[in-house]
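Read-outs: derived from the displayed coordinates by stated rules, not from any lab. Worth saying up front: this structure is predicted, and the values here are computed from it rather than measured. A quick note on method: Cβ atoms are made from the backbone with ideal geometry, for glycine too, and the neighbour counts reach across all protein chains shown.
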Amino acid sequence: MKRRDEVIVGVFVTIALLVGVFGTLWLARRGLSKSYPMYARFDWGNNLKVGQQVLLAGVQIGFVDKVELNPSGYLDVTLSIDKDRKIPERATAVVQNEGFFGDKSVALHPCGDAPPPAAQVTPEMGAARAGGGEAHCHPSAFLSPGDTIPTGKAAPSIDMILGRVDSMSGALEDVVQTVRISMVENGGIDDLRKTIASTNELAQELTRVAAEQSKGLSLTLASLRRTANALDSASLDSTVQNMQVATENLAALTSSLQSTSARLDNVMAKVETGDGTMGRLLNDPGVYNELRKSLARLDSLLADVKANPKRYINVKVF
Amino acid sequence: MSAAYYPEPGRRPTGNFPVHQRIAMSFFRPIGRWTAAFFAQIGSRVYFLVDIFRALGEVRTYVPLTITQMRKIGVDSLPLAGIVAAFIGAVTAFQTTYQLFPGIQFSIVGWITRQSIILELAPLLTALVLAGRVGARMTAEIGTMRVTEQIDALETLAYDPVAYLVVPRVIAGLTMMPLLTIMAIAIGIVAGGITVVVATEVRAIDYTTGLRLTFIPFQVYYALIKATLFGMSISLICSYEGYITETGAEGVGRSTARAVVISSVVILLLDALTALFLAPKLAP
């Protein structure tokens, strides 16, 4: 019994200790896989925490091992990289967002921000590029363990976007304020409400009028229908015939009128060309001049007669 | 005052004092008695602790018994602690998954489950469950020995009853609680992982990523510190309550109830205090 207790307790203690030690190691160090340190330096306020992923071209190759606050405005970050992963020489490190809520990871871009220089384009790489198009660069050299990975240009963070949203919301607030002032404080809403009320009244009035009108209209229609029914179709027929006759007479009149006007046209044309008495009279300026002269002479003669009537009129009674 | 009232010898009977003095005495005397009783409780526990430290010298007496107690307290409690931890882990992970809204990455499930289980749930719930299972048993055993005068018999046989009964239990509680807590943490995290991977769209890689996020070994040490404190308080309080049991079977029952209540409250208080003092060191 006692011996058995000892064995059982020993087994339990051993298992529990092993679970504790290896569990802690597993949680803290990605199992017992070997890793090597790399360093990076980021600006303050990047929200980096121990245990966040390190991604090389989107694949997890390690985790953030240590974050130290450097008083000169930087975070000195130690990255723990899996031993079987190598980091290309021109890689840059960027803190990027994971999801919406401020979680971060350290992303390593294998080729840095710049495109690969033309000198490094090898034939097989050109082939790969022609084939797939995704092969950006072909790193030939790698950083050695313990190097510092240069920092790349960070993508806009949620904070920046939130800041933009903040300023937008400020502007929106101004707009709302203006609307509030003009609508509420200056009585815009009251006016609007009054307008709506009077429009409503108008509409009601219109409805009422329309209702009356339609009543009258239907009465009119009814009486019209009665009248139409009362009309004799025979008298209607004779009326239509009379109207036809009248129309024919009218047509004859119109044609004779047309011929008259044609003749008149003819006369007018002759007058215009200056043929005949009328034409001469109208078109020859000589007649006018003669007439003028005659009038002038007649005028002077009359003046003379007025002045010396005795010269011309010699009335002798006895 | 009834006829059954006898003043203590050498003390002036209360009835001999003038009325205004008697009123003051009737007001202050209970206060004095309660205060004295309060400090007597503390003093009695200090004597008990001193007895335990003295008994630690008698290695030959308690070491063989400690192994038995370790089995009874530790190994035999593993199924209960494991079941509790498994359900807590599974429910925590599952509930967390259902609180997520679009935009949150699934690794948060692993992170929340790990933080909850390691920092709080596994140590606290293991301790509370063990206060019922182990503590009540401890009090009842020692209390029954006390009321059946077996402890007096031990003293008569020149055995130190503290070294014989209390020290093995205290050592076993002190050492087994952290180990049980480790097992509870492991079982809880694994059960939570299995639950969410099987029952929800969280993938195993999300869960393990979350488990490792912001992890520092001090979180485990924190859990172990708490577990050690809890185990110590359970075994000390429960063996003390058993040791001072009085008046028969009813006294055993009363002591057992008291022991469970006091140890549960003390566990919660210690939990709060450790959080107060050690939680700032938990940030990575």
> Which net charge results for the neighbourhood of B:K72, defined as the other residues with beta-carbon distances under 14 angstrom from its beta-carbon, given Lys and Arg at +1 and Asp and Glu at -1?
Replying inline: +2
> What ranking of B:V202, A:V7 emerges when the number of other C-beta atoms within 10 Å of each C-beta is taken as an exposure proxy, fewest first?
Replying inline: A:V7, B:V202
> Computed on alpha carbon atoms, what radius of gyration and Dmax characterise segment A:192-248, expressed in Å?
Replying inline: 22.5, 66
>> Using the basic label-point model (7 angstrom from Cα toward the beta carbon), what is the A:V11 to B:A272 distance in nanometres?
In response: 4.2 nm
>> So for chain B, averaging the separation of alpha carbon pairs under 8 Å that are six or more residues apart and normalising by length, what relative contact order in percent results?
In response: 28 percent
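Around B:P123, what is the net charge, scoring Lys/Arg as +1 and Asp/Glu as -1 over all other residues with Cβ under 11 Å from its Cβ?
Working: positive: B:K226; negative: B:E120, B:D271.
Its environment carries a net charge of -1.
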> Which percent of Cα pairs goes in each bin when the distances of the protein assembly as shown are cut into 20 angstrom slices starting at zero?
Replying inline: 12, 23, 18, 14, 9, 8, 6, 5, 3, 1, 0
> Residues with amide H under 5 Å of A:L79's amide H, sequence separation 5 or more or different chain, H placed in the peptide plane at 1.01 Å from N; which?
Replying inline: A:M38, A:Y39, A:A40, A:D65
> Between B:H20 and A:L192, what is the spin-label point distance in nm, taking each point 7 Å from the Cα along the Cα→C-beta axis?
Replying inline: 8.1 nm
> Which angle from 0 to 90°, rounded to the nearest 10, does the C-alpha axis of helix B:218-243 make with the longest principal axis of chain B?
Replying inline: 30 degrees
> Within straight cross-link reach of A:K2, meaning Cα distance under 16 Å, which aspartates and glutamates are found once same-chain residues fewer than 8 apart are removed?
Replying inline: B:D76
> By how many degrees, between 0 and 90 and to the nearest 10, does the Cα long axis of helix B:107-116 differ from the longest principal axis of chain B?
Replying inline: 10 degrees
> Going by average Cβ neighbours within 10 Å, how do the peptides A:140-149, A:181-190 rank, with the highest at the top?
Replying inline: A:140-149, A:181-190
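How many percent of the alpha carbon pairs in segment B:1-84 exceed a separation of 23 Å?
When every Cα pair of segment B:1-84 is considered, 60 percent fall beyond 23 Å.
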> In nanometres, what is the gap between the two model label sites at A:T227 and A:Q177, each 7 Å from Cα along Cα-to-Cβ?
Replying inline: 7.1 nm
> With no solvent and one point on each alpha carbon, what is the Debye value of log10 I(q)/I(0) for segment B:101-170 at q = 0.22 Å⁻¹?
Replying inline: -0.94
>> Tell me the volume per residue, in Å³, of the convex hull enclosing the alpha carbons of chain B.
In response: 204 Å³
>> Cut-off under 16 Å on the C-alpha distance; same-chain residues fewer than 8 positions from A:K270 excluded. Which aspartates and glutamates are left, in chain and number order?
In response: A:D284
>> Output needed: percent of Cα pairs per 5 Å distance bin for segment B:235-284, bins running from 0 to the one holding the longest distance.
In response: 5, 21, 20, 15, 11, 9, 8, 6, 4, 2, 1
> All other residues with a Cβ under 14 Å from the Cβ of A:A303 taken together, and with Lys, Arg as +1 and Asp, Glu as -1, what is their net charge?
Replying inline: +1
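For the pairs A:K83/B:K281; A:K34/B:K281; A:K34/A:K153; A:K104/B:K226; A:K104/A:K153, flag any whose C-alpha to C-alpha distance is greater than 25 Å.
On the way: A:K83/B:K281 30 Å; A:K34/B:K281 27 Å; A:K34/A:K153 30 Å; A:K104/B:K226 31 Å; A:K104/A:K153 15 Å.
Violating the 25 Å limit, Cα to Cα: A:K83/B:K281; A:K34/B:K281; A:K34/A:K153; A:K104/B:K226.
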